[in-house]
Amino acid sequence: MKKLRKPTEDPLLLKLLLGAIAIAFVGLFLVLPLAVVFQEALAKGLGPALTAISDEDSVAAIRLSLTAAAIAVPLNTVFGVCAAWAIAKFDFPGKTFLVTLIDLPFSVSPVVAGLIYVLVFGAQGWFGPYLLDHDIHILFALPGIVLATVFVTFPFVARELIPLMVDQGRDEEEAAVSLGASGFQTFCRVTLPNIKWGLLYGVLLCNARALGEFGAVSVLSGHIRGLTNTMPLHVQLLYDNYDYVGAFAVAAILAMLALVTLALKTLLEWRYADELAASHRH
Amino acid sequence: MSAIGLPLSFRRRRTLPGFRLSLGFTLFYLTTLVLVPLLALVIRPWSLGLDGFWTAMTSPRVLSALRLSFGTALAACVIDSIFGLIIAWVLVRYRFPGKGLLDALIDLPFALPTAVAGIALSTLYAPNGWIGSILMGYGIKVAYTPWGVLVAMTFIALPFTVRTIQPVLAELGRDSEEAAATLGATRLQIIARVALPMLLPAILTGAALAFARAVGEYGSIIFLAGNLPGISEIAPLLIVIKLEQYDYAGAAGIGVVMLAASFLMLLALNALQSWAAKRR
């Protein structure tokens with residue numbers, strides 16, 4: 001007997017068509033670019049790729065990227081936790097507006113993110129003359145790179161935690177406080193265990209973006225080889241100098257980092273779905 | 001909000017500690033790192049005077065850069081909305097092997113640094129690249145033309161449409177579709193008349209997010225587009241060029257136009273969300 005199709009199920013032909021379109025689009029636009037990175041990195045074999053990565057300037061770029069992320073990510077994590085605590089656990093006027101402002105850096109172009117700090121700290125900027133007089137370097141140095149990274153990764157942890165903590169409500173914390181726990185104890189023993197996977201999720205995305213940021217850092221770094229070039233900037237420098245193996249070898253490290261991030265993210269979504277913000281539950 | 005209008009002492013006491021500390025730090029951090037620098041941007045172009053600002057913004061090079069960025073971002077967000085909808089539909093409604101992998105891959109443009117995407121796309125679409133050589137056979141040139149801008153923007157913005165539509169579709173349930181089916185509607189009628197209208201707020205929200213991301217994108221585009229002034233030069237690149245020429249006010253002018261666009265998108269998104277909430 002012919003098996004009947006459920007009325008809310010698509011006909012087989014439509015299924016095949018849409019499935020093929022989806023897979024073709026993802027293959028063409030996402031898989032091919034990823035594949036070409038590794039193909040080009042290994043175009044002359046593993047040896048030249050490894051040499052390019054262990055080059056002095058490449059190592060300096062990797063170190064600088066890690067340093068910038070190691071400063072920016074914890075800062076934004078503390079901010080995210082504070083913002084989520086204030087927004088989820090208390091009522092105050094202008095809350096919606098505050099959430100919108102926290103999201104703002106997401107919709108600002110990375111180049112504009114770099115530009116605003118040039119206007120504040122640059123030679124013709126607000127504090128430029130003062131910084132020059134006191135020999136303080138912000139632009140074209142580590143502080144500028146960190147500022148750019150902080151701006152572009154600003155909302156990641158906050159926007160992960162805010163919906164999650166709003167969902168969880170205040171009852172558990174209020175109970176803990178009424179039983180005599182201090183604020184810090186309440187946070188560590190009650191709130192943190194509830195939000196730890198959401199927090200990790202936010203930190204993971206924040207870190208990936210911090211290591212990969214290009215536009216904002218590019219405006220503020222000054223591109224000094226071996227000194228203020230982060231990994232993505234070093235990729236550009238090598239690529240512009242026609243050192244394709246080198247460029248793609250460093251790019252391959254970043255691509256592997258991206259794949260690890262995606263794998264961990266997927267793992268968190270599957271394993272701890274109930275403890276993440278509702279929009280990530282599968 | 002019954003507390004409004006009552007004297008302070010009658011308001012519900014805040015039981016949890018840390019309100020002042022957490023809100024204070026949040027506001028301080030937000031103000032110093034985001035709001036004050038943005039203020040510096042908004043103030044800057046007016047050093048040219050209103051006329052000077054207008055002249056700078058309507059120069060042919062600036063106008064064509066803005067037109068290219070906004071026009072192409074619009075095209076990219078339409079493409080991504082259509083394919084994003086199809087991908088979300090396939091991921092939520094169908095079961096097939098490898099679905100988890102497809103699902104995880106969608107976020108690649110989030111995770112892959114834009115510079116890496118840029119050199120990869122540039123290599124693929126170059127006249128001797130895997131895709132570029134095929135397209136050249138049909139006389140289509142992508143790399144170093146405005147089409148390159150479109151390809152890069154489409155790549156970068158795809159996750160925004162898929163990830164906005166997907167959770168809404170998953171929660172939609174099939175009650176209305178079942179009802180429509182019992183009333184004799186064909187499957188295609190059900191999709192077009194029942195499912196899609198319910199998804200409309202999510203589709204529009206995704207499109208707005210994709211647009212905001214695409215219009216500001218820099219890293220992946222500059223490698224692919226060739227950056228010819230007036231032809232394939234995007235607005236963010238023109239900001240960088242003006243900065244390198246120490247034309248701070250000119251750079252800030254374009255920055256303000258782009259920031260105004262971001263604000264409008266945020267307002268549109270908020271309006272969309274309240275509209276969607278009302279429809280529920």
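For the stretch A:81-114, which positions are aromatic (F, W, Y) and either within 7 Å of chain B (Cβ to nearest Cβ) or not in a helix (DSSP H, G or I) (or both)? Can you show your working first?
Quick first cut of the stretch A:81-114, residues aromatic (F, W, Y) only: A:85, A:90, A:92, A:97, A:106.
Passing the criteria: A:W85, A:F90, A:F92.
Within the stretch A:115-139, take every residue that is facing chain B (nearest Cβ under 8 Å) and part of a helix (DSSP H, G or I) and give me the one that is surrounded by the most Cβ atoms within 10 Å (Cβ to Cβ).
Ranking the qualifying residues of the stretch A:115-139, first place goes to A:L115.
Name the one entry in B:T26, B:T31 that is more than 9 Å from chain A (Cβ to nearest Cβ) and closer than 28 Å to A:A208 by Cα. If you could, list the steps in order and put the result at the bottom.
Working: B:T26 fails: more than 9 Å from chain A (Cβ to nearest Cβ).
From the options B:T26, B:T31, the qualifying one is B:T31.
Could you check the stretch A:123-154 and list, in sequence order, the residues that are more than 23 Å from A:G226 (Cβ to Cβ) and over 23 Å from the mean Cα position of the chain (by Cα)?
If we filter the stretch A:123-154 for residues that are more than 23 Å from A:G226 (Cβ to Cβ), which is where we start, we get A:123-134, A:150-154.
Answer for the stretch A:123-154, where residues must be more than 23 Å from A:G226 (Cβ to Cβ) and over 23 Å from the mean Cα position of the chain (by Cα): A:A123, A:Q124, A:G125, A:W126, A:F127, A:G128, A:P129, A:Y130, A:L131, A:L132, A:D133, A:H134.
Please enumerate the residues belonging to the stretch A:154-190 that are within 10 Å of chain B (Cβ to nearest Cβ), outside any loop (DSSP other than H, G, I, E, B), in contact with a helix residue (DSSP H, G or I) (Cβ under 7 Å, 6 or more places away or on another chain) and farther than 30 Å from B:P37 by Cβ.
A:E173, A:A176, A:V177, A:T186
For the stretch B:93-138, which helices (runs of 4 or more DSSP H) that fit wholly inside it have 2 or more residues that are among the small types (G, A, S) and at the interface with chain A (Cβ under 8 Å from one of its Cβ atoms)?
Working: elements: B:99-105, B:108-111, B:114-125, B:130-137.
Helices (runs of 4 or more DSSP H) meeting the threshold: B:99-105, B:114-125.
So B:L74 fits all but one of (1) more than 27 Å from B:I191 (Cα to Cα); (2) surrounded by fewer than 19 Cβ atoms within 10 Å (Cβ to Cβ); what number is the exception?
It fails just one condition, (1).
Can you confirm whether B:V42 is within 29 Å of A:P33 (Cα to Cα) and within 13 Å of another protein chain (Cβ to nearest Cβ)? Give the derivation first.
Numbers: within 29 Å of A:P33 (Cα to Cα): no; within 13 Å of another protein chain (Cβ to nearest Cβ): yes.
The answer is no for B:V42.
Return the residue satisfying two criteria in turn: it lies in the stretch A:217-256 and is touching a residue at least 40 places away in the same chain (Cβ under 8 Å) and of a type in the set (S, T, Y), and of such residues it is farthest from A:L66 (Cα to Cα).
The selected residue is A:Y244.
Please work out if A:A86 is without any contact (Cβ under 8 Å) to a residue 24 or more places away in the chain and in contact with a helix residue (DSSP H, G or I) (Cβ under 7 Å, 6 or more places away or on another chain). Steps first, answer last, please.
Values: without any contact (Cβ under 8 Å) to a residue 24 or more places away in the chain: yes; in contact with a helix residue (DSSP H, G or I) (Cβ under 7 Å, 6 or more places away or on another chain): yes.
Against the criterion (without any contact (Cβ under 8 Å) to a residue 24 or more places away in the chain and in contact with a helix residue (DSSP H, G or I) (Cβ under 7 Å, 6 or more places away or on another chain)), A:A86 qualifies.
Bear in mind that the values in this text are calculations on the coordinates, not laboratory data. For clarity, every value in this text was computed on a predicted model and none was experimentally measured. Here Cβ is always computed from backbone atoms with ideal geometry, including for glycine, and neighbour counts include all displayed protein chains.
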